[in-house]
Amino acid sequence: ICSTWYHKNMNDEQWKEKLTDEQFEVMRQKGTELPFTGDYWDTKTPGKYRCAGCGAELFDSDTKFNSGPGWPSFAEAKEGAVRFEKDASLGLERTEVVCAQCGGHLGHVFEDGPEMVNGKETAGKRYCINSCALNLEEK
């Protein structure tokens, strides 16, 4: 069975069995973990960051930087790994970032990112992502 089809067609009960309570709240109900509490907000461990819901590769540690708000920040996502949706839930317009494979809410992207990360030019984006929506596969 195709993993993409399977994950996009899971119901809430199936997601509750697969994810922790916090992951379900964030990834399936568009919640946000508290700042400075997640496993990856300040880690510098090299590796690939994968979706906690389906395992898709989303970000590389080479694009991770400390932006200060208490969530992991990345300058770019893997090509085709995420989708963008409008989010006006707090009365202001933001751009939500979701996993392209399973549709899980990851966080938001902002236009105030750095122009260089680890010596590499970037597009000036700041992907502010919930730690619990990620799994780090160490290099």
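The values are calculated or read from the model by the stated rules, or taken from the named source; none is laboratory data. Quick caveat: nothing in here was measured; it's all calculated off a predicted structure. So basically every Cβ, Gly included, is an ideal-geometry build from the backbone, and we count neighbours across all protein chains shown. Please note that ligands, DNA and RNA were not included when accessible areas were found on the heavy atoms of the full protein model with its side chains. Shrake-Rupley method; radii C 1.70, N 1.55, O 1.52, S 1.80 Å.
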Residue list for the stretch 84-114, filter: open to solvent by less than 20 Å² (accessible area, probe 1.4 Å), among the aliphatic types (A, V, I, L, M) and over 16 Å from residue 25 (Cα atoms): 109
The correct count of residues that are open to solvent by 20 Å² or more (accessible area, probe 1.4 Å) and part of a strand (DSSP E or B) in the stretch 54-68 is 4
Quick one: how many residues across the stretch 80-118 are assigned to a strand (DSSP E or B), hydrophobic (A, V, I, L, M, F, W, C) and either closer than 26 Å to residue 11 by Cβ or over 11 Å from the mean Cα position of the chain (by Cα) (or both)? 9
Examine the stretch 12-26 for a residue that is in contact (Cβ under 8 Å) with a residue 40 or more places away in the chain and in a strand (DSSP E or B), and state whether such a residue exists. no
Select from the stretch 1-19 the residues that are closer than 15 Å to residue 55 by Cα and either under 15 Å from the mean Cα position of the chain (by Cα) or of a type in the set (A, V, I, L, M, F, W, C) (or both) and write down the one among them that is modelled with the lowest pLDDT. 2
Within the stretch 20-43, the residues that are over 22 Å from residue 66 (Cα atoms) and either under 15 Å from the mean Cα position of the chain (by Cα) or of a type in the set (Asp, Glu) (or both) are 21, 22, 23, 24, 25, 27, 28, 29, 30
Could you pull out the residue among 76, 121 that is over 24 Å from residue 15 (Cβ atoms), open to solvent by 40 Å² or more (accessible area, probe 1.4 Å) and either of a type in the set (Gly, Ala, Ser) or touching a residue at least 24 places away in the same chain (Cβ under 8 Å) (or both)? 76
Does the stretch 30-38 contain at least one residue that is surrounded by 14 or more Cβ atoms within 10 Å (Cβ to Cβ) and more than 14 Å from residue 131 (Cα to Cα)? no
